[in-house]
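Heads up: the structure comes next, in C-alpha coordinates.
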Amino acid sequence: MNIWGRHYRTIWPTAERSVQVIDQTRLPFEFVTLELRSLEQVAQAIRTMVVRGAPLIGAAAAYGIALAMQTDASDRALDEALRALQTTRPTAQNLSWALARMRAVVSRAAADARADTAFREAGLICDEDVEQCRCIGIHALPLVRQLAESVARPVNILTHCNAGWLACVDWGTALAPIYMAHDAGIAVHVWVDETRPRNQGAALTAFELAAHAVPHTVIADNLGGLLMQRGQVDLVLVGSDRTTASGEVCNKVGTYLKALAAHDNGVPFYAALPASTIDWSLEHGADIPIEERPASELTHVTGRGPSGAVENVRVVAEGSPVLNLAFDVTPARLVTGLITERGVCAASAAGLQSLYPQRRAAS
Ligand code: MRU
(Lines give C-alpha, C1' and ligand atoms only; values in the text may rest on other atoms or scores of the structure.)
Protein backbone atom coordinates (compact mmCIF):
# COMPACT_ATOMS: atom_id res chain seq x y z
CA MET A 1 0.00 0.00 0.00
CA ASN A 2 1.26 3.46 -0.79
CA ILE A 3 1.37 6.09 1.92
CA TRP A 4 2.27 9.52 0.61
CA GLY A 5 3.82 7.98 -2.48
CA ARG A 6 5.92 5.35 -0.69
CA HIS A 7 5.08 1.66 -0.69
CA TYR A 8 4.80 0.08 2.74
CA ARG A 9 4.10 -3.32 4.12
CA THR A 10 2.92 -3.37 7.72
CA ILE A 11 5.94 -5.39 8.88
CA TRP A 12 9.42 -5.97 7.50
CA PRO A 13 12.80 -7.23 8.71
CA THR A 14 15.76 -4.86 8.85
CA ALA A 15 19.39 -5.39 7.83
CA GLU A 16 20.22 -5.40 11.56
CA ARG A 17 17.96 -8.43 12.06
CA SER A 18 15.27 -6.55 13.93
CA VAL A 19 11.70 -6.03 12.75
CA GLN A 20 10.05 -2.78 11.77
CA VAL A 21 6.31 -2.20 12.13
CA ILE A 22 3.86 0.67 11.76
CA ASP A 23 2.65 1.74 15.20
CA GLN A 24 -1.11 1.47 14.72
CA THR A 25 -1.88 2.98 18.12
CA ARG A 26 -0.63 6.33 16.78
CA LEU A 27 -2.83 6.38 13.68
CA PRO A 28 -4.51 8.34 12.21
CA PHE A 29 -2.74 11.28 13.84
CA GLU A 30 0.86 10.16 13.36
CA PHE A 31 2.42 7.70 10.92
CA VAL A 32 5.28 6.29 12.96
CA THR A 33 7.32 3.12 12.50
CA LEU A 34 8.71 1.21 15.44
CA GLU A 35 11.65 -1.15 15.67
CA LEU A 36 11.11 -4.41 17.57
CA ARG A 37 14.29 -6.14 18.70
CA SER A 38 13.17 -8.92 21.02
CA LEU A 39 10.52 -11.54 21.61
CA GLU A 40 9.23 -9.49 24.54
CA GLN A 41 8.85 -6.38 22.39
CA VAL A 42 6.91 -8.32 19.76
CA ALA A 43 4.63 -9.89 22.38
CA GLN A 44 3.99 -6.48 23.89
CA ALA A 45 3.30 -4.95 20.46
CA ILE A 46 0.68 -7.62 19.76
CA ARG A 47 -0.90 -7.35 23.21
CA THR A 48 -1.17 -3.54 23.10
CA MET A 49 -2.30 -3.57 19.47
CA VAL A 50 0.64 -1.67 18.05
CA VAL A 51 0.14 -4.41 15.47
CA ARG A 52 -3.30 -5.97 15.14
CA GLY A 53 -5.60 -7.68 12.65
CA ALA A 54 -5.56 -11.46 12.44
CA PRO A 55 -3.06 -11.96 9.56
CA LEU A 56 -0.66 -9.33 10.88
CA ILE A 57 -0.78 -10.83 14.38
CA GLY A 58 0.32 -14.14 12.83
CA ALA A 59 3.11 -12.51 10.82
CA ALA A 60 4.37 -10.55 13.84
CA ALA A 61 4.36 -13.67 16.00
CA ALA A 62 6.44 -15.47 13.38
CA TYR A 63 9.05 -12.71 13.59
CA GLY A 64 8.82 -12.91 17.38
CA ILE A 65 10.04 -16.51 17.13
CA ALA A 66 12.88 -15.41 14.84
CA LEU A 67 13.99 -12.74 17.33
CA ALA A 68 13.81 -15.26 20.17
CA MET A 69 15.95 -17.75 18.23
CA GLN A 70 18.56 -15.06 17.68
CA THR A 71 19.05 -14.81 21.43
CA ASP A 72 18.70 -18.46 22.40
CA ALA A 73 18.08 -21.25 19.89
CA SER A 74 17.51 -24.04 22.42
CA ASP A 75 14.36 -26.20 22.45
CA ARG A 76 13.47 -24.71 25.80
CA ALA A 77 13.69 -21.15 24.43
CA LEU A 78 11.58 -22.14 21.43
CA ASP A 79 8.89 -23.61 23.68
CA GLU A 80 8.91 -20.54 25.91
CA ALA A 81 8.67 -18.18 22.94
CA LEU A 82 5.76 -20.14 21.48
CA ARG A 83 3.99 -20.06 24.83
CA ALA A 84 4.61 -16.34 25.39
CA LEU A 85 3.25 -15.40 21.98
CA GLN A 86 0.28 -17.78 22.10
CA THR A 87 -1.18 -15.95 25.09
CA THR A 88 -0.97 -12.45 23.59
CA ARG A 89 -4.36 -12.47 21.81
CA PRO A 90 -6.59 -15.51 22.13
CA THR A 91 -9.14 -15.14 19.33
CA ALA A 92 -7.25 -14.73 16.03
CA GLN A 93 -6.66 -18.16 14.52
CA ASN A 94 -3.77 -16.81 12.45
CA LEU A 95 -1.70 -16.58 15.63
CA SER A 96 -1.96 -20.32 16.45
CA TRP A 97 -1.55 -21.13 12.76
CA ALA A 98 1.67 -19.12 12.41
CA LEU A 99 3.12 -20.46 15.65
CA ALA A 100 2.39 -24.08 14.67
CA ARG A 101 4.10 -23.48 11.34
CA MET A 102 7.11 -21.85 12.98
CA ARG A 103 7.37 -24.66 15.52
CA ALA A 104 7.35 -27.30 12.78
CA VAL A 105 10.00 -25.57 10.66
CA VAL A 106 12.29 -24.22 13.38
CA SER A 107 12.36 -27.35 15.54
CA ARG A 108 13.67 -29.35 12.55
CA ALA A 109 16.65 -27.00 12.07
CA ALA A 110 19.99 -27.34 13.84
CA ALA A 111 20.44 -24.85 16.67
CA ASP A 112 22.96 -22.72 14.78
CA ALA A 113 20.57 -22.42 11.82
CA ARG A 114 17.39 -21.73 13.75
CA ALA A 115 17.47 -17.94 13.67
CA ASP A 116 18.11 -17.86 9.90
CA THR A 117 15.47 -20.51 9.33
CA ALA A 118 12.94 -18.61 11.43
CA PHE A 119 13.57 -15.27 9.70
CA ARG A 120 13.20 -16.99 6.33
CA GLU A 121 9.94 -18.69 7.34
CA ALA A 122 8.51 -15.47 8.79
CA GLY A 123 9.34 -13.76 5.48
CA LEU A 124 7.53 -16.54 3.60
CA ILE A 125 4.48 -16.17 5.84
CA CYS A 126 4.43 -12.46 4.98
CA ASP A 127 4.88 -13.01 1.24
CA GLU A 128 2.16 -15.66 1.21
CA ASP A 129 -0.22 -13.39 3.10
CA VAL A 130 0.29 -10.65 0.52
CA GLU A 131 -0.43 -13.09 -2.29
CA GLN A 132 -3.47 -14.57 -0.54
CA CYS A 133 -4.96 -11.14 0.05
CA ARG A 134 -4.33 -10.23 -3.59
CA CYS A 135 -6.18 -13.40 -4.64
CA ILE A 136 -9.06 -12.62 -2.26
CA GLY A 137 -9.35 -9.26 -3.99
CA ILE A 138 -9.37 -10.87 -7.43
CA HIS A 139 -12.03 -13.42 -6.43
CA ALA A 140 -14.29 -10.79 -4.87
CA LEU A 141 -13.94 -8.21 -7.63
CA PRO A 142 -16.68 -9.76 -9.83
CA LEU A 143 -19.16 -9.37 -6.95
CA VAL A 144 -18.47 -5.66 -6.85
CA ARG A 145 -18.47 -5.38 -10.63
CA GLN A 146 -21.87 -7.11 -10.89
CA LEU A 147 -23.35 -4.77 -8.32
CA ALA A 148 -21.89 -1.79 -10.17
CA GLU A 149 -23.63 -2.95 -13.33
CA SER A 150 -27.00 -3.23 -11.56
CA VAL A 151 -26.98 0.13 -9.76
CA ALA A 152 -26.63 3.41 -11.60
CA ARG A 153 -24.46 4.98 -8.91
CA PRO A 154 -21.40 4.07 -6.85
CA VAL A 155 -21.64 0.68 -5.13
CA ASN A 156 -22.19 1.25 -1.42
CA ILE A 157 -20.16 -1.21 0.65
CA LEU A 158 -20.35 -1.34 4.43
CA THR A 159 -17.37 -2.63 6.39
CA HIS A 160 -16.71 -3.14 10.07
CA CYS A 161 -13.45 -2.70 11.99
CA ASN A 162 -10.30 -2.74 9.87
CA ALA A 163 -9.78 -5.61 7.47
CA GLY A 164 -7.49 -3.64 5.21
CA TRP A 165 -3.76 -3.66 4.59
CA LEU A 166 -3.07 -2.51 8.16
CA ALA A 167 -4.66 -5.73 9.43
CA CYS A 168 -2.57 -7.86 7.09
CA VAL A 169 0.85 -7.50 5.50
CA ASP A 170 -0.49 -5.70 2.43
CA TRP A 171 -3.78 -5.31 0.51
CA GLY A 172 -6.11 -6.49 3.29
CA THR A 173 -8.87 -9.06 3.13
CA ALA A 174 -12.23 -7.27 2.96
CA LEU A 175 -10.66 -4.11 1.57
CA ALA A 176 -8.58 -5.79 -1.16
CA PRO A 177 -11.53 -5.98 -3.62
CA ILE A 178 -12.44 -2.41 -2.76
CA TYR A 179 -8.97 -1.17 -3.70
CA MET A 180 -9.03 -3.29 -6.85
CA ALA A 181 -12.49 -2.05 -7.84
CA HIS A 182 -11.44 1.55 -7.28
CA ASP A 183 -8.25 1.02 -9.30
CA ALA A 184 -10.30 -0.60 -12.09
CA GLY A 185 -12.48 2.49 -12.36
CA ILE A 186 -15.54 0.96 -10.67
CA ALA A 187 -17.22 3.63 -8.57
CA VAL A 188 -17.37 2.48 -4.95
CA HIS A 189 -18.26 4.23 -1.75
CA VAL A 190 -17.51 2.68 1.64
CA TRP A 191 -19.55 3.07 4.81
CA VAL A 192 -16.95 2.76 7.55
CA ASP A 193 -18.28 1.60 10.94
CA GLU A 194 -16.38 3.56 13.59
CA THR A 195 -15.94 0.28 15.55
CA ARG A 196 -16.05 1.20 19.18
CA PRO A 197 -14.38 0.75 21.54
CA ARG A 198 -11.00 1.06 19.83
CA ASN A 199 -12.31 2.79 16.71
CA GLN A 200 -10.35 0.73 14.19
CA GLY A 201 -12.84 1.81 11.52
CA ALA A 202 -12.65 5.53 12.23
CA ALA A 203 -8.91 5.55 12.92
CA LEU A 204 -7.51 2.92 10.55
CA THR A 205 -9.96 2.01 7.78
CA ALA A 206 -10.78 5.66 7.07
CA PHE A 207 -7.04 6.47 7.08
CA GLU A 208 -6.33 3.67 4.59
CA LEU A 209 -9.18 4.55 2.28
CA ALA A 210 -8.27 8.23 2.33
CA ALA A 211 -4.63 7.39 1.52
CA HIS A 212 -5.88 5.46 -1.52
CA ALA A 213 -8.47 8.15 -2.41
CA VAL A 214 -11.40 5.72 -2.06
CA PRO A 215 -14.66 7.63 -1.35
CA HIS A 216 -15.90 6.74 2.13
CA THR A 217 -17.99 7.98 5.04
CA VAL A 218 -17.44 7.13 8.69
CA ILE A 219 -20.67 6.19 10.48
CA ALA A 220 -21.65 5.36 14.03
CA ASP A 221 -21.65 1.63 14.60
CA ASN A 222 -25.40 1.62 15.02
CA LEU A 223 -26.30 3.43 11.79
CA GLY A 224 -25.82 0.47 9.45
CA GLY A 225 -29.33 -0.91 10.09
CA LEU A 226 -31.05 2.30 9.05
CA LEU A 227 -28.87 2.65 5.96
CA MET A 228 -29.78 -0.89 4.94
CA GLN A 229 -33.49 -0.21 5.45
CA ARG A 230 -33.12 2.81 3.20
CA GLY A 231 -31.42 0.81 0.44
CA GLN A 232 -28.13 2.65 0.93
CA VAL A 233 -26.00 -0.48 1.41
CA ASP A 234 -25.45 -2.83 -1.54
CA LEU A 235 -22.97 -5.15 0.11
CA VAL A 236 -21.45 -5.85 3.52
CA LEU A 237 -17.81 -6.96 3.40
CA VAL A 238 -15.97 -7.88 6.58
CA GLY A 239 -12.88 -9.80 7.58
CA SER A 240 -12.60 -12.62 10.09
CA ASP A 241 -10.38 -13.49 13.03
CA ARG A 242 -11.42 -17.11 13.12
CA THR A 243 -13.81 -19.03 10.89
CA THR A 244 -14.94 -22.48 11.96
CA ALA A 245 -14.88 -25.53 9.73
CA SER A 246 -18.66 -25.12 9.42
CA GLY A 247 -18.41 -21.52 8.20
CA GLU A 248 -19.25 -19.56 11.33
CA VAL A 249 -17.45 -16.23 11.26
CA CYS A 250 -15.83 -14.73 14.33
CA ASN A 251 -14.91 -11.09 13.80
CA LYS A 252 -14.77 -7.77 15.63
CA VAL A 253 -17.66 -7.31 18.05
CA GLY A 254 -20.63 -5.77 16.24
CA THR A 255 -20.19 -7.83 13.09
CA TYR A 256 -23.05 -10.15 14.10
CA LEU A 257 -25.48 -7.25 14.41
CA LYS A 258 -24.53 -6.09 10.90
CA ALA A 259 -25.17 -9.59 9.61
CA LEU A 260 -28.60 -9.66 11.25
CA ALA A 261 -29.50 -6.30 9.74
CA ALA A 262 -28.17 -7.38 6.34
CA HIS A 263 -30.21 -10.59 6.47
CA ASP A 264 -33.37 -8.70 7.42
CA ASN A 265 -32.89 -6.29 4.54
CA GLY A 266 -31.75 -8.71 1.84
CA VAL A 267 -28.25 -7.21 1.67
CA PRO A 268 -25.48 -9.70 0.76
CA PHE A 269 -23.04 -10.25 3.63
CA TYR A 270 -19.61 -11.69 2.79
CA ALA A 271 -16.60 -12.45 4.97
CA ALA A 272 -13.15 -12.39 3.37
CA LEU A 273 -10.40 -14.51 4.90
CA PRO A 274 -7.27 -16.45 4.01
CA ALA A 275 -6.98 -20.16 4.84
CA SER A 276 -4.79 -19.28 7.83
CA THR A 277 -7.93 -17.90 9.52
CA ILE A 278 -9.87 -21.16 9.28
CA ASP A 279 -9.91 -23.25 12.45
CA TRP A 280 -10.45 -26.75 11.10
CA SER A 281 -10.61 -28.13 14.64
CA LEU A 282 -13.77 -26.24 15.54
CA GLU A 283 -17.27 -26.70 14.28
CA HIS A 284 -19.16 -24.46 16.67
CA GLY A 285 -18.52 -20.75 16.90
CA ALA A 286 -19.52 -20.88 20.57
CA ASP A 287 -16.27 -22.76 21.23
CA ILE A 288 -14.11 -19.88 19.99
CA PRO A 289 -12.33 -18.09 22.86
CA ILE A 290 -13.54 -14.50 22.87
CA GLU A 291 -10.90 -12.04 24.01
CA GLU A 292 -11.82 -9.79 26.90
CA ARG A 293 -9.83 -6.57 26.77
CA PRO A 294 -9.14 -3.92 29.40
CA ALA A 295 -12.09 -1.88 30.66
CA SER A 296 -10.12 1.30 29.94
CA GLU A 297 -10.74 0.81 26.21
CA LEU A 298 -14.43 1.37 26.89
CA THR A 299 -14.27 3.92 29.64
CA HIS A 300 -11.86 6.14 27.67
CA VAL A 301 -11.48 7.35 24.10
CA THR A 302 -8.37 8.66 22.41
CA GLY A 303 -8.47 11.66 20.11
CA ARG A 304 -6.78 14.87 19.15
CA GLY A 305 -7.70 17.75 21.41
CA PRO A 306 -8.00 21.43 20.47
CA SER A 307 -4.33 22.01 21.36
CA GLY A 308 -3.32 19.44 18.74
CA ALA A 309 -2.15 16.98 21.39
CA VAL A 310 -3.45 13.40 21.31
CA GLU A 311 -5.41 12.86 24.51
CA ASN A 312 -7.14 9.99 26.23
CA VAL A 313 -10.35 11.11 27.93
CA ARG A 314 -12.88 9.33 30.13
CA VAL A 315 -16.42 8.94 28.72
CA VAL A 316 -17.94 6.62 31.35
CA ALA A 317 -18.70 7.80 34.87
CA GLU A 318 -16.24 6.61 37.50
CA GLY A 319 -17.42 3.44 39.18
CA SER A 320 -19.68 2.01 36.46
CA PRO A 321 -18.70 -1.57 35.67
CA VAL A 322 -17.98 -2.28 31.99
CA LEU A 323 -17.60 -5.43 29.90
CA ASN A 324 -15.23 -5.29 26.93
CA LEU A 325 -15.57 -8.45 24.84
CA ALA A 326 -13.72 -7.85 21.61
CA PHE A 327 -15.28 -10.26 19.11
CA ASP A 328 -18.57 -11.94 18.25
CA VAL A 329 -19.63 -14.86 16.10
CA THR A 330 -21.90 -14.64 13.08
CA PRO A 331 -23.75 -17.90 12.39
CA ALA A 332 -23.16 -19.36 8.94
CA ARG A 333 -26.85 -18.97 8.02
CA LEU A 334 -26.38 -15.18 7.99
CA VAL A 335 -23.28 -15.29 5.78
CA THR A 336 -23.94 -15.11 2.03
CA GLY A 337 -20.47 -16.43 1.24
CA LEU A 338 -16.84 -16.73 2.26
CA ILE A 339 -14.20 -15.19 0.04
CA THR A 340 -10.86 -16.95 0.29
CA GLU A 341 -7.65 -17.00 -1.73
CA ARG A 342 -9.06 -20.08 -3.50
CA GLY A 343 -12.37 -18.53 -4.47
CA VAL A 344 -15.85 -17.83 -3.10
CA CYS A 345 -17.80 -20.58 -1.33
CA ALA A 346 -20.88 -21.12 0.78
CA ALA A 347 -20.41 -20.56 4.50
CA SER A 348 -20.74 -24.25 5.32
CA ALA A 349 -18.60 -27.33 5.85
CA ALA A 350 -19.40 -28.44 2.30
CA GLY A 351 -18.56 -25.01 0.92
CA LEU A 352 -15.18 -24.87 2.63
CA GLN A 353 -14.39 -28.45 1.68
CA SER A 354 -15.12 -27.66 -1.96
CA LEU A 355 -12.21 -25.21 -1.82
CA TYR A 356 -10.00 -27.17 0.59
CA PRO A 357 -10.74 -30.83 -0.23
CA GLN A 358 -7.71 -32.03 1.74
CA ARG A 359 -9.15 -30.61 4.97
CA ARG A 360 -11.86 -32.24 7.00
CA ALA A 361 -13.65 -30.76 9.96
CA ALA A 362 -12.75 -32.53 13.22
CA SER A 363 -15.98 -34.11 14.38
O1 MRU B 1 -8.89 -6.39 17.48
P2 MRU B 1 -8.35 -6.28 16.08
O3 MRU B 1 -8.19 -4.87 15.63
O4 MRU B 1 -7.10 -7.11 15.90
O5 MRU B 1 -9.48 -6.93 15.22
C6 MRU B 1 -9.37 -6.93 13.83
C7 MRU B 1 -10.58 -7.46 13.17
O8 MRU B 1 -11.54 -7.80 13.79
C9 MRU B 1 -10.51 -7.63 11.71
O10 MRU B 1 -11.78 -7.51 11.15
C11 MRU B 1 -9.99 -9.01 11.43
O12 MRU B 1 -8.75 -9.22 12.04
C13 MRU B 1 -9.99 -9.30 10.03
S14 MRU B 1 -8.36 -9.30 9.40
C15 MRU B 1 -8.14 -8.72 7.92
Distance-filtered residues of the stretch 287-307 - backbone nitrogen under 15 Å, label point 7 angstrom along Arg47 Cα→Cβ
292-295
Round to the nearest 10 and report in Å² the accessible area of Leu260, as given by a 1.4 Å probe over the protein chains' heavy atoms.
70 Å²
Accessible area per residue, 1.4 Å probe, Å², for the chain: what's the number?
40 Å²
Mind checking Rg over Rh on the stretch 68-117, alpha carbons, Kirkwood formula for Rh?
0.98
With a Förster radius of 30 Å, plug the Cβ-Cβ distance of Ala100 and Glu30 into 1/(1 + (r/R0)^6) and report the FRET value to the nearest 0.05.
0.30
Could you please put Leu204, Leu147 in sequence from largest to smallest accessible area, using a 1.4 Å probe?
Leu147, Leu204
Residue list for the stretch 194-212, given a label point 7 angstrom along the Cα-to-Cβ vector of Leu223 and an amide N cut-off under 16 Å:
194-196, 199-207, 210
So, with +1 on the Cβ of K and R and -1 on the Cβ of D and E, and no other charges, what is the size of the charge dipole of the chain about its Cα centre, to the nearest 20 debye?
260 debye
Kirkwood hydrodynamic radius, computed over distinct alpha-carbon pairs, for the stretch 166-250: how many Å, to one decimal?
13.9 Å
Probe 1.4 Å, all chains present, heavy atoms only: Leu226 accessible area in Å², nearest 10, is 70 Å²
Which FRET efficiency, nearest 0.05, do Val151 and Glu80 yield, Cβ-Cβ r, R0 51 Å?
0.40
Kindly provide the Kirkwood hydrodynamic radius of the stretch 233-279 in Å, to one decimal, from all pairs of distinct alpha carbon atoms.
11.0 Å
Debye intensity ratio in log₁₀ form over the Cα atoms of the stretch 2-128, taken at each q of 0.10, 0.11, 0.12, 0.17 Å⁻¹:
-0.28, -0.33, -0.40, -0.78
Among Glu311, Glu80, Glu208, which one shows the biggest mean-square fluctuation in a GNM of the chain, springs joining Cα atoms closer than 10 Å?
Glu311
With Cα springs under 10 Å, the Gaussian network model of the chain assigns the largest mean-square fluctuation among Gln229, Gln146, Gln24 to Gln146
For the chain, what % of the accessible area comes from carbon and sulfur atoms, probe 1.4 Å?
53 percent
Normalised per residue, the volume of the convex hull around the Cα set of the chain (Å³):
146 Å³
Using only Cα positions of the stretch 237-363, each an equal point scatterer, no hydration layer, compute I(q)/I(0) via Debye at q = 0.10, 0.17, 0.21, 0.22 Å⁻¹ and quote the log10 values to two decimals.
-0.41, -0.85, -1.09, -1.16
Tell me, how many Å apart are the Cα centres for the stretch 93-135 and for the stretch 14-42?
19 Å
Can you check what the Kirkwood hydrodynamic radius comes to for the stretch 114-157, Cα pairs only, in Å to one decimal?
12.9 Å
Just the accessible area for Leu298, please: 1.4 Å probe, Å², rounded to the nearest 10?
50 Å²
Placing +1 at every Lys and Arg Cβ and -1 at every Asp and Glu Cβ, with all other atoms neutral, what dipole size does the stretch 28-167 have around its Cα centre, in debye to the nearest 20?
400 debye
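The values are calculated or read from the model by the stated rules, or taken from the named source; none is laboratory data. Please read all numbers here as calculations on a predicted model, not as lab measurements. Ideal geometry is used to build each Cβ from the backbone, glycine not excepted, and the neighbour counts take in all protein chains shown. Surface areas here come from the heavy atoms of the whole protein model, side chains and all, with no ligands, DNA or RNA. Shrake-Rupley method; radii C 1.70, N 1.55, O 1.52, S 1.80 Å.
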